[in-house]
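Worksheet: the structure to be examined is printed underneath.
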Ligand code: C5P
């Protein structure tokens, strides 16, 4: 079985309030989307990676990925208006022989190869799998600005990415959603809504934060620099 990853980074990232789209923000001159791609490059079970980048940035990102020796990157394609459109374009551009598709948020740069592997392993048993976390916070419903009764905390699962699917099922679900004009914020919801398939959660044991707010870049600066350094060291080994 072959596995491909689609890394979506075509959102504007308005909450980050940077002067470029979030995934093009650079750490030591490496754009976030290439930092996010690195653990997939390092994961032996991933055969190909498609990057979905802000329209107009594709050729720069493709050339930088070559310079960094990220040779699993098969294509860099533009995103769409909705995240779902970006996912659809990414999946369409995976090599035809790919059986499983992983979808990953380009803003989750701290994903580790071990968690990616765990998601892929479960795809042998389930058609849809997501990396997930229990919520440590108590959840309430925000009704008219007040905290009203919400679901019990121990019944909740926070879906992260990567989310993995049998590729043909995901393509079918994306097409059904398009035909029915349904929009979802992640592919696990989409699959459940249009194909009645519930995903199996794999619980992450490493932090897998989505860089979202301006303070995140400062707060995670040491970890971001360490990751950029690893990518540069990888480039050195590829050119030796
Ligand atoms: O908006 P949200 O935080 O859920 O976005 C998750 C990921 O989806 C981000 O990495 C973002 O760049 C990507 N995205 C995209 N195309 C869009 C909207 C979001 O690739 N139109």
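Brief remarks on what is shown
- Flag set for residue 7, criterion: under 20 Å from residue 115 (Cβ atoms) and buried (at least 18 other Cβ atoms within 10 Å of the Cβ).
- Residue satisfying condition, being touching a residue at least 12 places away in the same chain (Cβ under 8 Å), within 15 Å of residue 104 (Cα to Cα) and touching a strand residue (DSSP E or B) at 6+ places or on another chain (Cβ under 8 Å), within set 203, 165: 165
- Of note, residue 209 satisfies the criterion of being farther than 24 Å from residue 98 by Cα and touching a residue at least 60 places away in the same chain (Cβ under 8 Å).
- Picking from residues in the stretch 126-158 that are touching a helix residue (DSSP H, G or I) at 6+ places or on another chain (Cβ under 7 Å) and under 17 Å from residue 204 (Cα atoms), the one that is surrounded by the fewest Cβ atoms within 10 Å (Cβ to Cβ) is 135.
- Every listed requirement among (1) touching a helix residue (DSSP H, G or I) at 6+ places or on another chain (Cβ under 7 Å); (2) touching a residue at least 40 places away in the same chain (Cβ under 8 Å); (3) farther than 17 Å from residue 234 by Cβ is met by residue 47 save one, (1).
- Hey, residue 52 buried (at least 22 other Cβ atoms within 10 Å of the Cβ) and without any contact (Cβ under 8 Å) to a residue 60 or more places away in the chain or not: yes
- Entirely in the stretch 150-240, the helices (runs of 4 or more DSSP H) that have 3 or more residues that are within 16 Å of the ligand (Cβ to nearest atom) and within 30 Å of residue 67 (Cα to Cα): 214-219
- Flag if residue 133 is part of a loop (DSSP other than H, G, I, E, B), at negative phi and away from the ligand (no atom under 13 Å from the Cβ): no
Any read-out appearing in this document is the output of simple, stated calculations on the displayed coordinates, not a laboratory observation. Keep in mind the model is a prediction, meaning the values are calculated, not measured. Ideal geometry is used to build each Cβ from the backbone, glycine not excepted, and the neighbour counts take in all protein chains shown.
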